[in-house]
1. Write out, first by first residue and then by second, each pair whose Cβ atoms fall under 7 Å of each other, whose residues are 6+ apart or on separate chains, and whose first residue, in the range 45-61, is within 20 Å of G19 (Cβ to Cβ) while the second is acidic (D, E).
2. Identify, by number, the condition in (1) open to solvent by 100 Å² or more (accessible area, probe 1.4 Å); (2) modelled with pLDDT under 95; (3) polar (S, T, N, Q) that T67 doesn't meet.
3. Which ones in the range 10-32 are assigned to a helix (DSSP H, G or I), surrounded by 14 or more Cβ atoms within 10 Å (Cβ to Cβ) and over 9 Å from the mean Cα position of the chain (by Cα)?
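The values are calculated or read from the model by the stated rules, or taken from the named source; none is laboratory data. Small disclaimer: the values here were computed from a predicted structure and weren't measured. Cβ placement follows ideal geometry from the backbone for every residue including glycine, while neighbour counts extend to all protein chains displayed. Surface accessibility is based on the protein's heavy atoms, side chains included, excluding ligands, DNA and RNA. Shrake-Rupley method; radii C 1.70, N 1.55, O 1.52, S 1.80 Å.
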Amino acid sequence: MIDLERLGLRIASMRRARGLTQGDVALHMGVTPQAVSKWERGQSCPDLVFLDDLAALLDTDIDRLLTGKGPDRERTTA
């Protein structure tokens, strides 16, 4: 079972590490900033349809986003 509080802390931490605001995430995901706030406070979970895009935006993979486990995503430079 996914711990919503820990998921929310991961989302918030990854968002801040990328210099994004809740509004930035909301705009990219097509949700309200209040929805992002609820995710980060562990009051709700992003819908399954958002997980791939959210993970990409936060430069991680879905497994690491949901569980905090897994290898760090390798960064590539062009």
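1. From the range 45-61, the pairs are A55/D61.
2. Looking at each condition in turn, T67 falls short on (1).
3. Pass one, the range 10-32, residues assigned to a helix (DSSP H, G or I): 10-17, 22-29.
Filter again for surrounded by 14 or more Cβ atoms within 10 Å (Cβ to Cβ), leaving 10-12, 14-15, 22, 24-29.
Within the range 10-32, Q22, D24, A26, L27, H28, M29 qualify.
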